[in-house]
1. For the range 528-613, give me every one of the strands (runs of 3 or more DSSP E) that falls completely inside it and has 1 or more residues that are under 20 Å from Glu512 (Cα atoms) and not β-branched (Val, Ile, Thr).
2. Quick check on my filter: what residues within the range 494-505 are crowded, with 24+ Cβ neighbours inside 10 Å and either more than 9 Å from Val444 (Cβ to Cβ) or not β-branched (Val, Ile, Thr) (or both)?
3. With Val286, Val314, Val310 as the choices, which residue is under 30 Å from Glu245 (Cα atoms), away from ligand 1 (no atom under 16 Å from the Cβ), touching a helix residue (DSSP H, G or I) at 6+ places or on another chain (Cβ under 6 Å) and of a type in the set (A, V, I, L, M, F, W, C)?
4. Mind telling me which of the residues Glu458, Glu478, Glu453 ends up being in a helix (DSSP H, G or I), more than 10 Å from the chain's Cα centre (by Cα), surrounded by fewer than 19 Cβ atoms within 10 Å (Cβ to Cβ) and at pLDDT 95 or above?
5. Of all residues in the range 419-464, how many are acidic (Asp, Glu), more than 16 Å from ligand 1 (Cβ to nearest atom) and within 17 Å of Gln680 (Cβ to Cβ)?
6. Considering only residues that are over 24 Å from the mean Cα position of the chain (by Cα) and either away from ligand 2 (no atom under 16 Å from the Cβ) or under 18 Å from Glu380 (Cα atoms) (or both), which ones fall in the range 254-278?
7. Quick check: is even one residue across the range 585-594 among the basic types (Lys, Arg) and out of contact with any helix residue (DSSP H, G or I) (no Cβ under 9 Å at 6 or more places or on another chain)?
8. Tally up the residues in the range 606-647 that are out of contact with any Pro (no Cβ under 7 Å at 6 or more places or on another chain), crowded, with 18+ Cβ neighbours inside 10 Å and at positive phi, please.
Amino acid sequence: MKPAYALLVIPLLLLFSCQTNPEQLTLPRLIPQPASLSPETGFFVLRDKIGMATAEPFAVSGTFLRDFLEASPALQVGQGDDLVLQQDTTLPEEGYRLEVRPDQIILSAATDRGAFWGIQTLRQLLPAAFENGQYDGRLLAIPCVRIADSPRFPYRGMHLDVGRHFFPIGFIKKYIDALAMLKMNTFHWHLTEDQGWRIEIKKYPRLQEIAAYRPETLVGHYNDQPQQFDGKRYGGYYTQDEVREVVAYAAARFVTIIPEIEMPGHAQAAIAAYPELGCTGKDISVATKWGVFEDIYCTQDATFDFLEDVLDEVLELFPSEYIHIGGDEAPKTRWETCPNCQRRIREEGLADEHELQSYFITRMEKYLNSKDRQIIGWDEILEGGLAPNATVMSWRGINGAIEAAKQGHKVVMTPTSHCYFDYYQSENPDEPLAIGGYLPLEKVYAFDPIPSELSESEAAYVLGAQGNIWTEYLPTPEAVEYMAFPRILAMSEVAWSAPAQKDYPAFVKGVEDFHPRLDTLQINYANHLYEVEGELLSSEQGTAFALQTLTTNKSIRYTTDGQDPGSASPIYEAPIPITQSLVLKAAVFKDDLQLGQVFSRNINYHKAFGKKISLDKQPSPAYPGSGPEGLINGMNGSDTRYGDKEWLGFSGEDFEVTLDLGGPTAVQSVQTRFFEGNGQWIYLPAEVSFAGYTDDNQPSTNFSSAAPVRATDHTFSVTHETGGQEWRYIRIRVKNYGTIPPGKQGAGNKAWTFIDEIIVN
Ligand code: ACM
Ligand code: ZN
């Protein structure tokens, strides 16, 4: 009975499985885009069993891949040659070759590390269900492909500040997992801050008892007045056992952790625990609000003894070659009046407090070099002379990188303009509260870590790039994820892919393809892909407004009457001519369903609208807005986001704007706008003055100045009333604020000026 039954059933089963069509997968747009990819004909069919063979050197990557596949109970992973990890020592150190053939998947690499990055590519060829072990055993047809890949830069990093807010190690591991998935190999763990010391140091128990906790925390934005506090004790720290666990976890993913122990500034929490480390010796509290604080480490020997003891314990925990010693934002106020620090300046023959900072950093470098480690520090470590072997992390723009590379020092690029993921990523007013700024996905993606000022040999000092996540306004893991994703996807491609491989529309498609994977990984990513972007186009024929959206197979519907667009509103087909003031609203639709937020622009059709404009100096490349024409495009910049397409930013420079109205024009008033955000180093100009005239040759010395008047929390308008004039040309002179004064954030640096719409009535 039984054998007969089996004989009957087996052919039926075979017949059935032959008839089941495999689910045919498409090749996704990979992130980061590989160096070379050629689709081949045919498919590799994955069944509920797979045989794997791993060459001996690939212990870490082989284990990772097996664990990844075995997470789905529906897949049986055994020995065999369906999936082969083989060594090819001719490939680059971090490179790999991945071949999906009809009969086999072959991953070749010179090193375990290279194989690991290849596995991250293979992951993206599989459905998202593998990410959480939900692959159900169905037949999958994976398209054949041949990929040869290796990174552009050896340093591909993400930073996380755990001082302002503290995150559990479960989240730190999830963050490291995300880095590894994107082939990023460095996690910069910012462990000490004014607002909290987060790493256990056994020799100094008060770091755990006192420095790890603050009595309360600022509520709302730093600029809100009056400042308010929550009255709740806040803090925590990682035990050394936890740190060891995280370091091992990262090593199993080829992620190096660079710990940061800040000095001489951002040390208020440590000084609160041990007041003798400061210059005054007075009791202070762990900081309860954000910013830059004057109580920094004193330069007496006892401080160096303390820091060397701390570093001894840190070095035991972190095998990284690099140790980050901070170095940023250290006001010299205390040192200027401290007898110990002044004696140090005299005895060491130093010129001033900047050279004292250089002495501090160089002394710590010597100590770390003696332990076979290298220092890395924020670009302020250039001031007063760079320590001989230091690597510079350039954050205040790219000048620090240029200077360091020209001096023959290695650099990592993290300029605020393109790498600060604590900045807003959308102009949408509903975004969660952030520190300020505006850094959309496209701007991150456009970043080129090699400054054009460097020669080819100097450019070799650029190790790579890093995204930074400061957490003043990010109290939870979900908030960190929202700021990190999807910008981390762009950063991974900035650091990995060759410029010739980069293509923003294709990348955006990749981000859309990535959404299901992020959903499966339960990552709280921001989605601004379905927003509308607009641009004013001026030509001889007149002025028109162009709309676009990032993803394909969608339509944009718009209105010009102030109503929100709906499924019956006209579909955008060509730029909309602008011949009068109007409110333009638009949204992205898939069939009748609105996907993103409504885009809305008030277009003010004034007398300079779409006319000719020139500047005697160009805005900073980091904040170009829409160029000079953006100043007369009828649109105001955001009241809160100075990094948008309207605001033009100038660092420390005076500049002059010239408008040509095309012919004599009756002018009653000329008005412009400036942004103020002192926390972000943006100050109102020292002076704004206006002149007008009809004849090109007439000298324009007759300037009259006008004072700024507050318009919104962050913006001021400046208006010149002409009393009725016939003008063709208008000049506006803007004098920069100068140097940021002591006690303010960024003290001693050049102030920024941000200007937007110039309205002529
Ligand atoms: C920094 O953002 N203070 C390095
Ligand atoms: Zn001192």
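1. Numbers: elements: 532-539, 542-549, 555-559, 582-590, 599-603.
The strands (runs of 3 or more DSSP E) meeting that bar are 532-539, 542-549, 555-559, 582-590.
2. If the condition is that a residue be crowded, with 24+ Cβ neighbours inside 10 Å and either more than 9 Å from Val444 (Cβ to Cβ) or not β-branched (Val, Ile, Thr) (or both), then Ala495, Trp496 are the ones that fit.
3. Numbers: Val314 fails: touching a helix residue (DSSP H, G or I) at 6+ places or on another chain (Cβ under 6 Å); Val310 fails: touching a helix residue (DSSP H, G or I) at 6+ places or on another chain (Cβ under 6 Å).
Every option except Val286 fails the conditions.
4. Within the list Glu458, Glu478, Glu453, the selection yields Glu478.
5. Here is the first cut: in the range 419-464, the ones acidic (Asp, Glu) are 422, 427, 430-431, 442, 448, 453, 456, 458.
Next, only the ones that are more than 16 Å from ligand 1 (Cβ to nearest atom) stay: 427, 430-431, 442, 448, 453, 456, 458.
Next, only the ones that are within 17 Å of Gln680 (Cβ to Cβ) stay: 427, 431.
Residues that pass the stated criteria total 2.
6. At the first step, the residues of the range 254-278 found to be over 24 Å from the mean Cα position of the chain (by Cα) are 264, 267-278.
Passing the criteria: Pro264, Ala267, Ala269, Ala272, Ala273.
7. Yes, there is a match, as at least one residue in the range 585-594 is among the basic types (Lys, Arg) and out of contact with any helix residue (DSSP H, G or I) (no Cβ under 9 Å at 6 or more places or on another chain).
8. Number satisfying all stated conditions: 2.
The values are calculated or read from the model by the stated rules, or taken from the named source; none is laboratory data. Bear in mind the structure is a predicted one, so any value in this text is a computation, not a measurement. Quick reminder, even Gly has a Cβ in these numbers, built from the backbone with ideal geometry, and neighbours come from all protein chains shown.
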